[in-house]
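**Q** Just passing along the structure, written as structure tokens.
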Amino acid sequence: DFSVRLQVKGEDELAQLGKAIQTLAADLEYLKKERNEFLASISHELRTPLTYVKGYADIARRPNIAEEERANYLSIIYEEAERMQKLVKDLFELAKMDRHSFQIEKEPTPLCLFLKKIYEKMAPAFQAKQMVLIYRCEENVTVYIDRQRFEQVMTNLLDNALKYSHECSTVSMHVKREKKNVIIMISDEGIGIPEADLPHIFERFHRVDKSRSRIGGGTGLGLAIVKEIVEAHGGSISATSQFGKGTTMLITLPRG
Ligand code: ADP
């Protein structure tokens, strides 16, 4: 992209070259800023669980503490360690994607059957929150997908629908066939996403409500990973939402 812009010909070559270098410098500045922000986010995300681990470990090691209390602190330490593990795993995955050393192995897959299995795996988690998960697939179209990766996509989106919904609400997973594409829609009746946040939710570490996401065990990287995987399949993902009413995630995949 940069090299294309630097190939200037014609009368005002020097002026154009100057402009191109300015643009390049601005781009580099932007990348540097982005990188700094990303590193700052990682430090922040790790600092919080580390503070908990250190603080609670310090109390738990005191000799005169009640056993019950100690057990409680140890389970907090365990949860925070789990969160850090998930964060490191997600970061590693994104780093692999950035280096383009992430391989997807596509296999022809009957989509309805594939999603039905995921639906069956996830349904109990919805029942546990007195929620209903509805699944509708019109026609068993074949798609070329990396099954493991695609399951990760679906699980992530359904997890979010579960996490950001109220008890007793409904989530639906609906598959539609179009001429060239297949559309997978996941709709919830949950808390929704404010309009200002909507364009950013697929960015790394973007979260509408950091404290709520922390309670739900989120890393803020889930949707960034989902987007990378869907795009690696030649597809796209978008979201529509009404704040306070619900959210719909829409995946478009090319048909096999
Ligand atoms: P997290 O780990 O925080 O859930 P994600 O990358 O999966 O991170 O999602 C980014 C943010 O987008 C979330 O923190 C949340 O604010 C918002 N979000 C994602 N899915 C939904 C949904 N179904 N309903 C409401 N908000 C959502």
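The values are calculated or read from the model by the stated rules, or taken from the named source; none is laboratory data. Bear in mind the structure is a predicted one, so any value in this text is a computation, not a measurement. Cβ: placed from backbone, ideal geometry, glycine included. Neighbour counts: every protein chain shown.
**Q** For LEU162, indicate whether it is more than 7 Å from the ligand (Cβ to nearest atom), surrounded by 15 or more Cβ atoms within 10 Å (Cβ to Cβ) and more than 26 Å from LYS106 (Cβ to Cβ). Steps first, answer last, please.
**A** Values: more than 7 Å from the ligand (Cβ to nearest atom): yes; surrounded by 15 or more Cβ atoms within 10 Å (Cβ to Cβ): yes; more than 26 Å from LYS106 (Cβ to Cβ): yes.
So LEU162 fits the description; yes.
**Q** If I ask for residues that are modelled with pLDDT of 95 or more, more than 7 Å from the ligand (Cβ to nearest atom) and either out of contact with any strand residue (DSSP E or B) (no Cβ under 6 Å at 6 or more places or on another chain) or part of a loop (DSSP other than H, G, I, E, B) (or both), which ones from segment 176-191 would you list?
**A** The answer is GLU189, and nothing else.
**Q** May I ask you to verify whether VAL208 is touching an Asp or Glu at 6+ places or on another chain (Cβ under 6 Å), farther than 19 Å from ALA128 by Cβ and either more than 10 Å from the ligand (Cβ to nearest atom) or not in a strand (DSSP E or B) (or both)?
**A** So VAL208 fits the description; yes.
Residues are listed down the side, and each one gets a yes or a no for (1) in a loop (DSSP other than H, G, I, E, B); (2) under 14 Å from the mean Cα position of the chain (by Cα); (3) more than 8 Å from the ligand (Cβ to nearest atom):
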residue	(1), (2), (3)
GLU167	yes, no, yes
MET173	no, no, yes
ILE193	yes, no, no
PRO199	no, yes, yes
PHE202	yes, yes, no
THR219	yes, yes, no
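**Q** Here is a follow-up. What residue, of GLU107, GLU120, is free of Cβ contacts under 8 Å to residues at least 12 places away in the same chain and acidic (Asp, Glu)?
**A** GLU120
**Q** Here's another thing I want to ask about it. Taking the condition of being surrounded by fewer than 12 Cβ atoms within 10 Å (Cβ to Cβ) and in contact with a strand residue (DSSP E or B) (Cβ under 8 Å, 6 or more places away or on another chain), how many residues in segment 108-126 meet it?
**A** 1
**Q** Could you grab me the full set of residues in segment 133-159 that are in a helix (DSSP H, G or I), among the polar types (S, T, N, Q) and more than 16 Å from the ligand (Cβ to nearest atom)?
**A** Matches in segment 133-159: GLN148 only.
**Q** Looking at (1) in contact with a Lys or Arg (Cβ under 7 Å, 6 or more places away or on another chain); (2) in a helix (DSSP H, G or I), which is the one condition that is false for PHE102?
**A** It fails just one condition, (2).
**Q** Here's another thing I want to ask about it. Mind checking whether some residue in segment 227-241 is within 12 Å of the ligand (Cβ to nearest atom), in a helix (DSSP H, G or I) and touching a residue at least 24 places away in the same chain (Cβ under 8 Å)?
**A** Scanning segment 227-241, I find at least one residue that is within 12 Å of the ligand (Cβ to nearest atom), in a helix (DSSP H, G or I) and touching a residue at least 24 places away in the same chain (Cβ under 8 Å), so the answer is yes.
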